[in-house]
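Chemist: This is the structure I want to talk about, given as structure tokens.
Nothing in this text is a laboratory measurement; each read-out follows from the coordinates by a stated rule. This structure is a prediction, so every number in the text was calculated from the model and none was measured. Reconstructed Cβ throughout: ideal geometry from the backbone, glycine too, with neighbour counts over all protein chains shown.
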Amino acid sequence: MSSTSTATVFRPRAVTGFGLMGMTWRPVHTPDEQAFATMKAAIAQGATFWSSGDYYGMPEPTAGLALLRRYFEAYPEDASKVTLFIKCCVDAKTMAPKNKREEVLASAENCFKVIGSAKKIDVLGPARMDPSVPLEETLGAFKELVDAGKINGVGISEASAQTIERANSIYPLSLVEIEFSLWTPDILTNGVAATAKRLDVPLVAYSPLGRGFLTGQIKSVDDIPEGDIRRRFDRFQPENFNKNLELVDKLKSFAEKAGVTPAQLALAWIRSISNSPQAGTIIPIPGATRVERVEENSKTVVLSPENKAELDAILASFTIQGGRYNKVLEGLLWR
Ligand SMILES: NC(=O)c1ccc[n+]([C@@H]2O[C@H](COP(=O)([O-])OP(=O)(O)OC[C@H]3O[C@@H](n4cnc5c(N)ncnc54)[C@H](OP(=O)(O)O)[C@@H]3O)[C@@H](O)[C@H]2O)c1
């Protein structure tokens, strides 16, 4: 496969983003009126990089795409304001990747069908990597979609530094979406941030608020509704949850002293690492279903070097209990 010159590769320019998973990948969906107002607020606040997936739906996996279709059909003038990243190519029940050429093309066509013509998917990519399918095959299929003008670029998610390097040499990546937050700083030490910086590939920081945990608003496992995916993750099991709350308490005190909210502190920490010696561009995509949360999360808070050092010391003194996902799903990460 011939590769595309990096001069022509599509890369998002937004500095902040918005995650739409919570609107539809929950037992109770956000009503359209509330969802639309929140999406409008994101645009108004400059959070114009949007991330969703073709499996963000309960019980219908494509509910997230259907929401986007309804939004952009209602507000066609917003289509050009938003850079949209969609993840696809997974079995919605198991998250097992489906990255063979035919699977990629079928998954993409389904995305185009559900989202309709109201909004072009700017960047499309596999939600999980599959070492048993050659990267050349997977990326070759996405290249076909770029060449046909159906998408502008390709993004990958949950990839190791080695995979990012190899994938980008096969076909220049538009972005890599990866979990990054105060309680998931792994990319700073496992080579992902350094590699993406060297290759000039933007990182999209997903679950930047620790799936809501770092905001201090979830005080007990009972605050998470039955059927919510977080209930299946190790960090949210009672024995780990209660220990991890000790970190949240420290972060809350720190935020209070700094005169910001815990969510703003969590995002400011990420922004302080974006375009620093440690990392290239990092676009956080906090998820929220309410206007006031989008407004709170979009407020620019700058951490002083002293505050950053103090915060890093708090993190270094704490060992997070439990993995990011669970025994089954952990096997699909960093591949
Ligand atoms: N690539 C991947 O494998 C992957 C995996 C997970 C997520 N993602 C992406 O990352 C995006 C964000 O991740 P996420 O939703 O898991 O976690 P997150 O952004 O870390 O946290 C979202 C949670 O925090 C709550 N919240 C947001 N702002 C708040 C505030 N200011 N105060 C209090 N609570 C606040 C939200 O509440 P409400 O929603 O109830 O308003 C929601 O429960 C997703 O939408 C998705 O696009 C990607």
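Chemist: Contact order normalised by length for region 80-233, with contacts defined as Cα pairs under 8 Å and 6 or more residues apart; what percent is it?
Modeler: Answer for region 80-233 is 17 percent.
Chemist: I need the fraction of alpha carbon pairs in region 191-257 separated by more than 19 Å, rounded to a whole percent.
Modeler: 46
Chemist: Please give, to one decimal in nm, the separation of the simple spin-label points placed at Ala148 and Glu109, each 7 Å out from Cα toward the Cβ.
Modeler: Reported label-point gap for Ala148 and Glu109 is 0.8 nm.
Chemist: Still on this structure, I have one more. Highest mean first, what order results for 195-206, 300-311 on Cβ atoms within 10 Å? Before the final figure, lay out the partial values.
Modeler: Details: 195-206: 21.8, 300-311: 13.8.
In descending order of packing, they fall as 195-206, 300-311.
Chemist: Where in the chain are the DSSP H helices whose C-alpha atoms run 15 Å or more along the long axis and whose mean Kyte hydropathy is at least -1.0?
Modeler: Numbers: long enough: 32-44 (17 Å, 0.24); 63-74 (16 Å, 0.45); 101-115 (21 Å, 0.16); 135-147 (17 Å, 0.09); 238-258 (30 Å, -0.84); 262-273 (17 Å, 0.89); 305-316 (16 Å, -0.17).
Length and hydropathy pass: 32-44, 63-74, 101-115, 135-147, 238-258, 262-273, 305-316.
Chemist: Further, regarding this structure: Run a plain Debye calculation on region 24-168 (Cα atoms as equal point scatterers, no solvent) and give log10 I(q)/I(0) at q = 0.17, 0.19 Å⁻¹, rounded to two decimals, same order as the q list.
Modeler: The Debye formula, applied to the Cα set alone, gives -0.95, -1.14.
Chemist: Tell me what the chain gives for mean residue ellipticity at 222 nm when only DSSP H runs of n ≥ 4 count, each as -39,500 (n - 2.57), the sum divided by the residue total, rounded to 500 deg cm²/dmol.
Modeler: Result for the chain, helices only: -12000 deg cm²/dmol.
Chemist: Go through 38-45, 60-67, 227-234 and give me the packing order, highest mean Cβ count within 10 Å leading.
Modeler: The densest-packed peptide leads the list: 60-67, 38-45, 227-234.
Chemist: In cubic angstrom, how much convex hull volume per residue do the alpha carbon atoms of region 34-76 span? Display every interim value, and only then the final one.
Modeler: Values: hull volume 3.1 nm³, N = 43.
Expressed per residue, the convex hull around the Cα atoms of region 34-76 is 71 Å³.
Chemist: For region 180-335, just run the numbers: alpha carbon Rg, then divide by 2.2 N^0.38 Å, N being how many residues it has.
Modeler: Normalised by 2.2 N^0.38 Å, the Cα Rg of region 180-335 equals 1.02.
Chemist: Ok, one more. Over the chain, consider all pairs of different Cα atoms and compute the Kirkwood hydrodynamic radius from their mean reciprocal separation; express it in Å, one decimal. Working shown, then result.
Modeler: Details: mean 1/r = 0.0498 Å⁻¹.
Final number for the Kirkwood radius of the chain is 20.1 Å.
Chemist: Still on this model: Cross-link candidates for Lys250: which lysines have Cα within less than 20 Å, leaving aside residues fewer than 8 places away along the same chain?
Modeler: Cα-Cα hits under 20 Å: Lys219, Lys308.
Chemist: Distance cut-off 29 Å, Cα to Cα: go down the list Lys299/Lys327; Lys98/Lys119; Lys93/Lys119 and report the pairs above it.
Modeler: Beyond 29 Å: Lys299/Lys327.
Chemist: Rounded to two decimals, what is Rg over Rh for region 83-156 when you use alpha-carbon atoms and the Kirkwood radius? Don't skip to the answer; put the middle values down first.
Modeler: Values: Rg = 11.3 Å, Rh = 12.1 Å.
Here the Rg-to-Rh quotient is 0.94.
Chemist: For the residue pair Glu295 and Gln162, what label-to-label distance in nm results when each label sits 7 Å from Cα along the Cα-to-beta-carbon direction?
Modeler: Reported label-point gap for Glu295 and Gln162 is 4.9 nm.
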